[in-house]
């Protein structure tokens, strides 16, 4: 009688499934599924690539308002307004953004002209250039990056309802 184990060559290791991946599915870019000869290729892949969001590649120019809740990678030109409610914006080395930006996280390797609000983090990589007002909870600037403008970093002081009402001349009970 034929058995599945008989079909394997001797000395072949049993594949181990990663947590969260169904049995029988081989991950493509996983360190445990990658032969050692390709390990250097995987390690040298650029870290600025988008996770699984949209991409505006080099040679594409968009004028207007861009909104969404997914991650966005820009290596082209965007002019206008860019609002990613729960996503991150990555501006690639060839990317140019002339817009007010509002996103959860902003990573800059290219150029941004305009006001930037990064609710969690803004990271200027070594080739990044920012001109405008920057507001974020955490700010990281690599050596070689340029930043011109006003910076507000750190958690905003929380004002109580009573203090806000007192400052506006009303009462908290109104």
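The values are calculated or read from the model by the stated rules, or taken from the named source; none is laboratory data. What you see is a predicted model, and the numbers here were worked out from it, not measured in a lab. So basically every Cβ, Gly included, is an ideal-geometry build from the backbone, and we count neighbours across all protein chains shown.
Here is a check on your reading of the model: is residue 130 over 19 Å from residue 54 (Cβ atoms), in a strand (DSSP E or B) and modelled with pLDDT of 95 or more? Walk me through how you get there before you give the answer.
Values: over 19 Å from residue 54 (Cβ atoms): yes; in a strand (DSSP E or B): yes; modelled with pLDDT of 95 or more: yes.
Against the criterion (over 19 Å from residue 54 (Cβ atoms), in a strand (DSSP E or B) and modelled with pLDDT of 95 or more), residue 130 qualifies.
Among the residues here, residue 120 qualifies as part of a strand (DSSP E or B) and surrounded by fewer than 17 Cβ atoms within 10 Å (Cβ to Cβ).
Note on the range 50-91: enclosed strands (runs of 3 or more DSSP E) holding 2 or more residues that are modelled with pLDDT under 95, in contact with a strand residue (DSSP E or B) (Cβ under 9 Å, 6 or more places away or on another chain) and farther than 17 Å from residue 111 by Cβ are 54-56, 61-68, 77-91.
Do we find a residue being out of contact with any strand residue (DSSP E or B) (no Cβ under 8 Å at 6 or more places or on another chain), surrounded by 14 or more Cβ atoms within 10 Å (Cβ to Cβ) and in a loop (DSSP other than H, G, I, E, B) anywhere in the range 133-150? Reasoning before the result, please.
Step one: list which residues in the range 133-150 are out of contact with any strand residue (DSSP E or B) (no Cβ under 8 Å at 6 or more places or on another chain), which gives 143-144.
Those still in the list that are surrounded by 14 or more Cβ atoms within 10 Å (Cβ to Cβ) too: none.
Checked against the condition, which is being out of contact with any strand residue (DSSP E or B) (no Cβ under 8 Å at 6 or more places or on another chain), surrounded by 14 or more Cβ atoms within 10 Å (Cβ to Cβ) and in a loop (DSSP other than H, G, I, E, B), the range 133-150 yields no hits at all.
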